[in-house]
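A short write-up of the structure that comes next.
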Amino acid sequence: MITIETVSERYQQAWLQLYQEAFPAYERFDWTKLDQLAKENIIQLRALVDRQTDHLVGLAVLVELANGGAYLLYFAIVKAGRGQGLGGQAITSLKKQYPAGIILECEKRDARAENANQRERRYAFYLAHGFEDTRYLAHNQDADFHLLRSAKQVMIADYVWATEQIQLPTQIKSGLN
């Protein structure tokens with residue numbers, strides 16, 4: 001069983017290592033900024049912990065929305081845990097924690113991209129776990145992302161608000177898939 005908890009000293013080093021391994025440098029905020037945003041309660045840093053082994057198996061960084069939903073800024077599972085259902089368990093737990101819905105970015109599907117297969121797998125993963133493509137693209141950090149949501153109550157305006165809170169300049173493109 002996976003539990004979602006605030007990152008404590010116990011898991012901080014493993015959390016940081018996973019964060020650096022899972023996301024390319026151009027997509028990452030530096031730790032100082034993440035830590036400051038967390039101290040200001042703008043973001044929530046979460047450790048995904050396997051209660052059977054008491055090991056960190058993943059991470060999540062969220063901006064909580066006024067409606068009880070969340071913007072999932074970062075989500076990753078440790079390499080050894082991928083393909084074992086841990087990601088699905090974690091997403092299910094996050095959806096229960098944020099019943100008004102979750103909105104997230106997923107790299108734009110592009111057959112020419114160096115990581116095209118990885119992008120397709122991620123996109124399919126989220127769809128398989130109840131997310132829908134809003135048919136909007138977000139452009140930030142020199143990349144395009146599909147905006148996916150788990151519930152219709154979570155609006156593009158919520159995403160825009162969340163990106164403003166974390167000072168992430170973003171452009172929205174509509175009607176695309």
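Restricting to region 6-42, name every residue that is loosely packed, with under 12 Cβ neighbours inside 10 Å and touching a residue at least 40 places away in the same chain (Cβ under 8 Å).
Selection gives T6, E21, Y26.
For I103, state whether it is touching a residue at least 12 places away in the same chain (Cβ under 8 Å), of a type in the set (V, I, T), closer than 29 Å to R135 by Cβ and not in a loop (DSSP other than H, G, I, E, B).
Values: touching a residue at least 12 places away in the same chain (Cβ under 8 Å): yes; of a type in the set (V, I, T): yes; closer than 29 Å to R135 by Cβ: yes; not in a loop (DSSP other than H, G, I, E, B): yes.
Yes.
Is region 114-130 home to any residue that is under 16 Å from the mean Cα position of the chain (by Cα), at positive phi and at pLDDT 95 or above?
Within region 114-130, one or more residues are under 16 Å from the mean Cα position of the chain (by Cα), at positive phi and at pLDDT 95 or above.
Take the residues in region 131-177 that are within 15 Å of the chain's Cα centre (by Cα) and among the aromatic types (F, W, Y); name whichever of them is farthest from D110 (Cα to Cα).
By that ranking, first place goes to Y159.
Does any residue in region 112-123 that is closer than 16 Å to P24 by Cβ come within less than 9 Å, Cβ to Cβ, of a residue that is in a helix (DSSP H, G or I) six or more places away or on a different chain, and which pairs are these?
Cβ pairs passing all conditions: A113/R119.
Can we say A38 is in contact with a Leu (Cβ under 9 Å, 6 or more places away or on another chain), part of a helix (DSSP H, G or I) and under 18 Å from Y98 (Cβ atoms)? Spell out how you get there, then give the answer.
Values: in contact with a Leu (Cβ under 9 Å, 6 or more places away or on another chain): yes; part of a helix (DSSP H, G or I): yes; under 18 Å from Y98 (Cβ atoms): yes.
Yes.
Scan region 100-137 residue by residue and report those that are surrounded by fewer than 17 Cβ atoms within 10 Å (Cβ to Cβ) and among the polar types (S, T, N, Q).
Matches in region 100-137: N115, N117, Q118.
Of all residues in region 138-175, count the ones that are exposed (fewer than 12 other Cβ atoms within 10 Å of the Cβ) and either in contact (Cβ under 8 Å) with a residue 12 or more places away in the chain or touching a Pro at 6+ places or on another chain (Cβ under 9 Å) (or both). Steps first, please.
Step one: filter region 138-175 for residues exposed (fewer than 12 other Cβ atoms within 10 Å of the Cβ), giving 142, 152, 157, 167, 169, 171, 174-175.
Of the ones still in play, those that are also either in contact (Cβ under 8 Å) with a residue 12 or more places away in the chain or touching a Pro at 6+ places or on another chain (Cβ under 9 Å) (or both) are 142, 152, 169, 171, 174-175.
Going through region 138-175 one residue at a time, the tally reaches 6.
The values are calculated or read from the model by the stated rules, or taken from the named source; none is laboratory data. This is a predicted model, so every value here is computed, not measured. Please note: Cβ atoms are built from the backbone with ideal geometry, for glycine as well, and neighbour counts cover all protein chains shown.
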